[in-house]
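Read the structure below first, then the notes.
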Amino acid sequence: MDGIHDLGGKQGFGPVNFVVSKEIYHQPWQLKANALSAALVAAGLFNMDEYRHAIERMEPRHYLNASYYERVLTACASLCVEKGVTSAAELEKLAGGGFPLARPSVPGRHGRKDVADFAVGERVRVRNEFVPGHIRMPGYIRGKTGVVVQMSPPFPFPDAAGHAMGEEMEPTFDVRFDTAELWPESSDKATVTVAVFRSYLEKAA
Amino acid sequence: MDGIHDLGGKQGFGPVNFVVSKEIYHQPWQLKANALSAALVAAGLFNMDEYRHAIERMEPRHYLNASYYERVLTACASLCVEKGVTSAAELEKLAGGGFPLARPSVPGRHGRKDVADFAVGERVRVRNEFVPGHIRMPGYIRGKTGVVVQMSPPFPFPDAAGHAMGEEMEPTFDVRFDTAELWPESSDKATVTVAVFRSYLEKAA
Amino acid sequence: MNSSSDNIADIARRVDAVEAAAMGQGLVRPGHLQQFTHKVEDEWTPAVGAAIVAHAWSNPAFKARLMKNGIAAAAELGATMPPHHRHLVVLENGENLHNLICCTLCSCTAYTVIGMPPDWYKDLEYRARVVRESRTVLREMGMALPESMEIRVWDTTADTRYMVLPYRPPHTAGWSEKQLAALVSKESMIGTARLEPPYLQPAHEQAKGA
Amino acid sequence: MNSSSDNIADIARRVDAVEAAAMGQGLVRPGHLQQFTHKVEDEWTPAVGAAIVAHAWSNPAFKARLMKNGIAAAAELGATMPPHHRHLVVLENGENLHNLICCTLCSCTAYTVIGMPPDWYKDLEYRARVVRESRTVLREMGMALPESMEIRVWDTTADTRYMVLPYRPPHTAGWSEKQLAALVSKESMIGTARLEPPYLQPAHEQAKGA
């Protein structure tokens, strides 16, 4: 989905608040939320793509205002409700107040069966696709051309796995893009390498 | 700029809260903020493009959280500070607390002198440009092809006017796009007509 | 957002602070608020646009002038537009054609003609969704258009201003301009409402105002 | 956001609510928090990655295995990765080559190897800006790279995980692996720090921790 979470290249943000610290959590609830997400994945209640998509489905203002661990918690709570572990009303009762959850999901999609693997060094183009469900293609590479630098072992295709449509295994290709291709005349000179699922790619013309 | 304000086509938002009401303002300060913006434009302190850009330059979280009239106020306050009418410290003193302002501007740009007018019925493409300053091209039409349906009288080119670089007059072209071109397989069937400045356009191949 | 973000001043006090600073520099005159209030409440109302619509429905020559040059034709009826609204384009609805106005980048409208923009027009939901999901959004807003109805969305990205000329309901043949104007709502000139059955609900305003 | 948004429960109570609901269904076992805390505090620390880096600097055959198959080589030193991290790619910095990791869509990292991601890595600013303005962002973060230094940014959009193999500082010739590992910070394995002069400031940690 073209959601608020898709931040790469978005302008208007200020400096990074770069603090080097050994402290991981600042409040006990942050540790607890993180532990909870790990336990629910380990228990098989949801997979990582469903988890990520539940975060993406948060109401856009809620997403931007929430801290990282509030997003973690909101995904866990939303999936617990959607999978029948509990109800929104029960959570609000237990919490003693409102409990904002993610917005509903839409159908996912299957991967393409008609795409062959790409070779290292091959020029590829990211398909000009607009997918309303879960997808791991950041908007800034849509339609852009890059070069394959390496291939991964097969992973579950996120657009299916994020909607509990099964583990369709396909490799990703680390595709290197020039920033001049991504944001012509409006970026620092560099390359950005993105791990792109095979189904998102086509041969460059 | 590819800012948070550029909302067209962004997914994840809920239903429109459609309330038919004759009430325009719900709090006296909203009317006062609106009156203030009108007075400052009339006084020539800033033009409409500077005003719009000051809203766009609000910190992204502030932008999304603020009501419409808080955005109006923040633009007025930011431009009053940037143009030397007052200082941030003075505003905070007068208001009795923090006063978040827009983030700083970057340089603007001039319009193109090498573009001829387009004819009604002509197919045009929106240039694949990434402009860090003020621009009135919504991101969803970048690189897209449409048909000119009419031409306007000349307006000040926003990318220059929004940075107080003068009134470079050029016409806009109402360009009609199919939603299937803008968001293939992921939009309702319709056309969207956008008023596009001449400098943003080129002949479609 | 900034170092003071934990202690942000009340919004009404922030407005007063900017007004005081601007007045101190002579940029805002005493009385400006009263003048602006008068304009918003008494001049820039949807009645201006409704009179234009009713006259266009009743007078084909006026309608032709309106479609050709909106600002000049509106001026015939005493309607004015601010200096930065340099063009008024009137979008005529048909029995099977529906026009709809939005502003995805901010919230621009021809406010001197159709009235100040409603809250929902300025909200993020309308701005984000209506260009991509016009039919869905209109249905959610209570107007389910048939598939045979062509939808044209207009995004107000420049200083051309748009207003919708609603489709004249068939049952209004012979009505006076005053009667016709009373039918025409702000929403119908934005394009989130139509005036003919089955779209116009008798209790429309109340039902939606909940 | 929803009808209850004006009265949102305290975040700690919301966490407890979900935990209670999950425990009630047997999805979360008693003791899971202690186990997770142990992993985060004692197992998934940057010391794991630092040992890998030091060994790779000291042992060319290990380095070759690490560059070829990160997970298998890391396992030689006892490092494990969670089941959904299916690939570990090690990115070797050079005297004139700098690699930098991010995750624009969420905040993925090889956390079992380089430690849990820092706050700033998860913040919107880093995610939004570092792919487009890497050199500027690094300079703002205190590391001004010369124009001659090539920058490669890696966006962790799939379940391949990346870690940076920092450039070995020239003055460390002859150091033991233990001495070398003590040099290697989490930031250097993300790519927001380098370890050789002039980039490494003696008072780096303190200066940035303000």
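Read the figures in this text as sums done on the coordinates, not as results from a lab. Fair warning: this is a prediction, and the values are worked out from it, not measured in the lab. Cβ sites come from the backbone with ideal geometry, for glycine too, and all protein chains shown count toward neighbours.
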Here the whole-number average of other chain Cβ atoms within 10 Å per Cβ of A:180-187 is 5
Pairs over 26 Å Cα to Cα, from A:Lys189/D:Lys122; B:Lys189/C:Lys63; B:Lys10/C:Lys122; A:Lys93/B:Lys22; A:Lys93/C:Lys122; B:Lys22/C:Lys178, come to B:Lys189/C:Lys63; A:Lys93/B:Lys22; A:Lys93/C:Lys122
Mean other chain Cβ within 10 Å across B:67-76 is 4
Residues whose modelled amide H sits under 5 Å from the amide H of D:Glu92, counting only those 5 or more places away in sequence or on another chain, are D:Leu165
One decimal, nm, nearest first: from B:Glu23 to the same residue in each other copy, label points 7 Å out along Cα→Cβ, the values are 4.4
Note on segment C:45-209: alpha-carbon gyration tensor, axes a ≥ b ≥ c; rule is a/c under 1.5 for rounded, else prolate if a/b larger than b/c, else oblate; result oblate
If amide H atoms are modeled at 1.01 Å from N in the peptide plane, then the residues at a separation of 5 or more from B:Gly98, or on another chain, having amide H under 5 Å from its own are C:Asn7, C:Ile8, C:Ala9
Label points for D:Leu77 built 7 Å along Cα→Cβ; distances to same position in the other copies, nm, shortest first, come to 7.8
Of all C-alpha pairs within segment D:114-169, those more than 12 angstrom apart amount in percent to 75 percent
Expected response for nearest chain A Cβ to the A-B rotation axis, distance in whole Å, is A:Leu64, 3
Shape descriptor, the protein assembly as shown: equivalent ellipsoid semi-axes (Cα gyration tensor, sqrt 5λ, whole Å, largest first) stand at 49, 29, 28
Relative contact order as a percentage, segment D:1-118, C-alpha pairs under 8 Å and 6+ apart, gives 29 percent
For the protein assembly as shown, any Cys whose C-beta has no other cysteine C-beta under 4.7 angstrom counts as unpaired, and these are A:Cys76, A:Cys80, B:Cys76, B:Cys80, C:Cys102, C:Cys106, D:Cys102, D:Cys106
Cross-link reach from A:Lys144 to aspartates and glutamates, straight Cα distance under 12 Å and at least 8 residues apart if same chain, gives A:Glu129, A:Asp178, A:Glu181, A:Glu202
For segment B:123-203, the Cα gyration tensor yields equivalent-ellipsoid semi-axes (√(5λ), largest first, whole Å) of 24, 14, 9
Answer in debye to the nearest 20: the dipole magnitude of the protein assembly as shown about its Cα centre, from +1 Lys/Arg and -1 Asp/Glu charges placed on Cβ, is 660 debye
Note, segment C:94-99: 3J(HN,Hα) by Karplus (6.51, -1.76, 1.60, θ = phi - 60°), whole Hz, Gly/Pro = x, goes x, 4, 10, 9, 10, 9
Out of A:Ile55, A:Leu91, A:Val19 - ranked by how far each Cα lies towards the positive end of the dipole of segment A:1-105, with unit charges on the beta-carbon of charged residues - the top one is A:Val19
Tilt, helix D:11-24 to longest principal axis of chain D (alpha-carbon atoms), in degrees rounded to tens, equals 70 degrees
Diffing segment D:190-197: the Karplus 3J(HN,Hα) column from phi (6.51, -1.76, 1.60, θ = phi - 60°), in whole Hz with x for Gly and Pro, holds 8, x, 9, 8, 10, 9, 9, x
If labels are modelled 7 Å from Cα along the Cβ direction, D:Gln34 lies from its partners in the other copies at nm distances, smallest first, of 7.6
Helix-only [θ] at 222 nm, the protein assembly as shown, -39500 (n - 2.57) per DSSP H run of 4+, per residue, nearest 500, equals -9500 deg cm²/dmol
Given backbone amide H placed at 1.01 Å from N, residues whose amide H is under 5 Å from that of A:Met169, ignoring those fewer than 5 places away on the same chain, are A:Phe157
Karplus ³J(HN,Hα) for segment C:172-184 (6.51 cos²θ - 1.76 cosθ + 1.60, θ = phi - 60°; Hz, whole; x = Gly/Pro) runs 9, 4, x, 5, 6, 4, 5, 4, 5, 4, 5, 6, 7
